[in-house]
1. Report the residue count in the stretch 36-59 for those that are out of contact with any strand residue (DSSP E or B) (no Cβ under 7 Å at 6 or more places or on another chain), closer than 15 Å to Q13 by Cα and free of Cβ contacts under 8 Å to residues at least 12 places away in the same chain.
2. In the stretch 57-97, what residues are of a type in the set (S, T, Y) and over 14 Å from the mean Cα position of the chain (by Cα)?
3. Counting only residues that are touching a residue at least 12 places away in the same chain (Cβ under 8 Å) and not basic (K, R), which one in the stretch 99-108 is nearest to V120 (Cα to Cα)?
4. Tell me, please, whether a residue that is polar (S, T, N, Q) and open to solvent by 60 Å² or more (accessible area, probe 1.4 Å) can be found in the stretch 6-18.
5. Have a look at V26, V34 and point out the one that is open to solvent by 100 Å² or more (accessible area, probe 1.4 Å) and either hydrophobic (A, V, I, L, M, F, W, C) or more than 23 Å from R71 (Cα to Cα) (or both).
6. Keeping to the stretch 1-40, report how many residues are in a strand (DSSP E or B) and of a type in the set (A, V, I, L, M, F, W, C).
7. Which condition breaks for R76 when tested against (1) at pLDDT 95 or above; (2) under 30 Å from P24 (Cα atoms); (3) of a type outside the set (D, E)?
8. Just checking, does the stretch 65-79 include any residue being acidic (D, E) and in contact (Cβ under 8 Å) with a residue 12 or more places away in the chain?
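The values are calculated or read from the model by the stated rules, or taken from the named source; none is laboratory data. Just so it is clear, the model here is predicted, and its values are computed rather than measured. Here the Cβ is made from the backbone with ideal geometry for all residues, glycine too, and neighbour counts use every protein chain on show. The area values use the complete protein model at the heavy-atom level, side chains included, leaving out ligands, DNA and RNA. Shrake-Rupley method; radii C 1.70, N 1.55, O 1.52, S 1.80 Å.
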Amino acid sequence: MSMPVGPSGLELQAALRRQGVALPVVFLTGHGDVASSMRALQTGAVDFLTRPVERETLLKALRRALSRDARARQARAQAAELTARFASLSSREREVFDRVVMGSLNKLIAIELAISERTVKALRAQVMHTLGAHSVADLGRLAERLRQLAKDG
């Protein structure tokens, strides 16, 4: 028995991707071939199963799909939170952030921004608090993550 006429699973998967819908996909088909399975997996499908399929095989594929989806949702939520925190920084805090992650010392930042070193320290502390960083190394990692998010987004 074949499915009703309409878009193929591969066409539906492509349409979902074009629309930015990030759902985990498990293909289950009675008419699979190597080319279709490779295409599905290369474009993000979790698995490509052919009927008849054992119950446990299908359940394992669904568990993997749900697990992948949970990880992706968590990553998107963390990215959105970081982006929102960064967006909440004042322009002066961003200037300090940029210079700190470039390795500039407080004294040099103060001279470059024509503010006191004490103000730099206060702004730096506020940046670290807002972004949830505990060290300059944390700020560096967050800066890299923000660059990657800007590049991907």
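1. Qualifying residue count for the region: 2.
2. Answer for the stretch 57-97, where residues must be of a type in the set (S, T, Y) and over 14 Å from the mean Cα position of the chain (by Cα): T57, S67, S88, S90, S91.
3. Among those residues, the one meeting the criterion is N106.
4. No: zero hits.
5. When all the criteria are applied, what remains is V34.
6. Residues that pass the stated criteria total 3.
7. (1)
8. yes
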